[in-house]
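Below: the structure, in structure tokens.
The values are calculated or read from the model by the stated rules, or taken from the named source; none is laboratory data. Quick caveat, the model's predicted, so the values are computed rather than measured. A quick note on method: Cβ atoms are made from the backbone with ideal geometry, for glycine too, and the neighbour counts reach across all protein chains shown. Calculation scope for accessible area: heavy atoms of the full protein, side chains included, ligands and nucleic acids excluded. Shrake-Rupley method; radii C 1.70, N 1.55, O 1.52, S 1.80 Å.
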Amino acid sequence: MRWWEVLETFTLDQLRALIAVSEEGSFSAAARKLHRVQSAVSTAMANLETQLGVALWDRSTKIPRLTEQGHAVVAAARKVCTEVDGLRQLAAGMVAGLEASVSLCVDMLFPVPALVALCKQFRDEFPSVDLRVDTQAMTGVSARVIEGRATIGVAAPMGVAPGLERKLLTAIQMVPVAAPGHPLGAVRGAISTARLRDEIQLVLSELHGEGHPDQAVLSSRTWRVRDLHTKHALLRAGLGWGNLPEHLVRDDLRERRLVKLRVEAWGEDEHTLYLSAVYRGDATFGPAHRWLLSQLEHLCLRDAERAARSAARRPRRRERG
């Protein structure tokens with residue numbers, strides 16, 4: 001029998017009384033918890049047994065104990081009450097304008113720890129709201145937002161489409177790196193463009209060359225990949241050189257799995273990218289979307305401050321080329 005059919009024969013009040021007795025250990029203790037007289041609880045249990053047609057309590061002892069069937073019914077009662085409480089929360093949220101679902105699309109450059117923290121907090125804050133998270137590169141984020149497949153996006157400057165509203169979130173420092181065993185990894189000092197020209201540069205590229213043109217390409221030989229983690233793996237394998245977000249290679253640089261390159265053509269902060277939240281001007285945000293937008297800014301700021309403190313504590317090493 002399904003729970004909504006069961007409710008036709010007895011009440012939620014009886015189920016909550018049953019759960020209270022099982023948790024408190026006696027009818028009298030449950031009555032105190034429920035602020036009722038003991039006789040009311042006893043009557044509710046007797047009526048419930050009659051309606052179900054099974055013995056819930058073993059009354060052969062001084063204090064009645066749950067029978068095997070009683071334990072099974074208590075477990076089912078908890079499920080029913082949880083479902084009903086969830087339904088009430090959902091209805092209350094809808095009355096307050098709470099959305100049924102929230103959709104977010106982030107650029108691959110977005111720090112994964114910040115995204116995970118955001119999702120955890122969202123789950124705790126809005127347990128009845130579904131969250132859809134997508135990752136795209138460059139203009140793919142704006143495309144999702146414009147198409148309505150994502151309500152809020154997080155995009156780098158080259159991926160922000162005209163006409164979208166934007167809110168600055170955080171800065172991402174792009175770092176040129178290569179494996180220690182790569183020819184460029186052994187170069188000391190600044191590396192000239194001529195020296196880079198014949199080395200393979202790994203480039204994050206959009207599908208079929210659509211969208212924004214390549215950024216920061218100095219080599220005449222390029223290998224193109226569609227996702228950041230593949231690029232990361234290929235760089236660690238010594239198959240080329242390229243730019244990666246500092247937060248992604250922080251541990252690699254510390255453990256010397258990758259080395260930072262000093263490119264003659266670029267300044268120290270030339271490839272600092274500013275991620276922004278983007279959304280359509282005609283979008284209507286409910287409580288969950290407004291919370292998400294505000295938390296994006298807060299979490300990005302916290303992550304940036306943590307990274308700055310970590311960098312300040314880290315002993316400085318002489319960079320290699």
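Annotations for the structure displayed:
Rundown of residues vs (1) modelled with pLDDT under 90; (2) surrounded by fewer than 17 Cβ atoms within 10 Å (Cβ to Cβ); (3) in a strand (DSSP E or B); (4) of a type in the set (F, W, Y), yes/no style:
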| position | (1), (2), (3), (4) |
| --- | --- |
| G163 | yes, yes, no, no |
| R188 | yes, yes, no, no |
| L196 | no, no, no, no |
| D214 | yes, yes, no, no |
| S219 | no, no, no, no |
| T222 | no, yes, yes, no |
| A233 | no, yes, no, no |
| L248 | no, no, no, no |
| D251 | no, yes, no, no |
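- Given (1) in a loop (DSSP other than H, G, I, E, B); (2) touching a helix residue (DSSP H, G or I) at 6+ places or on another chain (Cβ under 8 Å), index of the condition L239 fails: (2)
- Failed item, numbered, when Q173 is tested on (1) buried (at least 20 other Cβ atoms within 10 Å of the Cβ); (2) among the polar types (S, T, N, Q); (3) more than 19 Å from the chain's Cα centre (by Cα): (1)
- Inter-residue pairs, beta-carbon under 8 Å, first over 11 Å from I172 (Cα atoms) and of a type in the set (D, E, K, R) and in the stretch 259-277, second open to solvent by less than 30 Å² (accessible area, probe 1.4 Å) and not in a strand (DSSP E or B), 6+ apart: R262/G189; R262/G321
- Single residue of the stretch 50-66 satisfying the filter (closer than 18 Å to A20 by Cβ and open to solvent by less than 60 Å² (accessible area, probe 1.4 Å)) that is modelled with the lowest pLDDT: P64
- Residue, modelled with the lowest pLDDT, within the stretch 198-212, restricted to residues that are out of contact with any Asp or Glu (no Cβ under 7 Å at 6 or more places or on another chain) and hydrophobic (A, V, I, L, M, F, W, C): L207
Results for (1) modelled with pLDDT of 80 or more; (2) closer than 21 Å to V203 by Cβ; (3) surrounded by 13 or more Cβ atoms within 10 Å (Cβ to Cβ), shown as yes or no for each residue.
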site	(1), (2), (3)
K260	yes, yes, yes
H271	yes, yes, yes
S276	yes, no, yes
D282	yes, no, no
P287	yes, no, yes
R309	no, no, no
A312	no, no, no
R318	no, no, no
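- Scope the stretch 115-130; condition touching a residue at least 12 places away in the same chain (Cβ under 8 Å), open to solvent by 20 Å² or more (accessible area, probe 1.4 Å) and closer than 23 Å to I172 by Cβ; matching residues: L115, A117, C119, Q121
- Residues within the stretch 144-161 that are surrounded by fewer than 22 Cβ atoms within 10 Å (Cβ to Cβ), of a type outside the set (A, V, I, L, M, F, W, C) and in contact with a helix residue (DSSP H, G or I) (Cβ under 9 Å, 6 or more places away or on another chain), tallied: 1
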